[in-house]
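**Q** Please find one structure pasted underneath; my questions will follow.
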Amino acid sequence: MAIKDAVLHAMIEPVVTAMGFELWGIDFQSQGRHSRLVIYIDHENGVSVDDCADISRQVSAVFDVEDPIRGEYRLEVSSPGMDRPLYTLDQFTRYRGHDVALKLRVPFEGRRKFQGLLAGVEGDEVLLQMDGEEYCFPIESIDQAHVVPRFEDPVDGQP
């Protein structure tokens, strides 16, 4: 986690937790005047649009005082959704057995994008099964990861 993300996480998490939600993760994309901060929240009973709006107002109030982001930015609060991003080893562990897509910070065997079955976590490495092979990726090497939703055919239950 980058220093800026760690600072934002430390400011946002107490607000989200106090409101009864889990801070799933944050994405801050600094793009000059078009910067964007996305806060992903989760709850065992789901997340409504009203929940997102409430948390957005609370986080905005904290940011108005603390001013952690210079310049203009857009704040978005969202559920992680079915194709939820994965940030932590705990999240990877929770989604063991699901298909995931990874994008690495630097190429491995000539490529940066991988998709396969999440076999689990070992130490600080994410285990991914693809094409009959198992790959181990240190969590620090993963730039982005998300669950790939499976949709089943309602007639025969097959994907």
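**Q** Kindly check whether there is at least one residue in the range 60-79 that is touching a residue at least 12 places away in the same chain (Cβ under 8 Å), open to solvent by 20 Å² or more (accessible area, probe 1.4 Å) and on the phi > 0 side of the Ramachandran plot.
**A** The answer is yes; a qualifying residue exists.
**Q** Okay, moving on. May I ask you to list the residues in the range 91-128 that are closer than 30 Å to D54 by Cα and open to solvent by less than 90 Å² (accessible area, probe 1.4 Å)?
**A** First, the residues of the range 91-128 that are closer than 30 Å to D54 by Cα: 91-95.
Listed by number, the residues that qualify are Q91, F92, T93, Y95.
**Q** Same structure again: What is the residue count in the range 22-57 for residues that are open to solvent by 30 Å² or more (accessible area, probe 1.4 Å) and of a type in the set (A, V, I, L, M, F, W, C)?
**A** Residues flagged as open to solvent by 30 Å² or more (accessible area, probe 1.4 Å) and of a type in the set (A, V, I, L, M, F, W, C) within the range 22-57 amount to 4.
**Q** Has the range 51-74 got any residue that is under 15 Å from P149 (Cβ atoms) and of a type in the set (D, E)?
**A** no
The values are calculated or read from the model by the stated rules, or taken from the named source; none is laboratory data. Note that the coordinates shown come from a computational prediction; the quantities given were computed from them, not determined experimentally. Cβ coordinates were reconstructed from backbone atoms using ideal geometry, including for glycine residues, and neighbour counts include every protein chain displayed. For the accessible areas, the whole protein counts, side chains as well, though only heavy atoms, and no ligand, DNA or RNA atoms are used. Shrake-Rupley method; radii C 1.70, N 1.55, O 1.52, S 1.80 Å.
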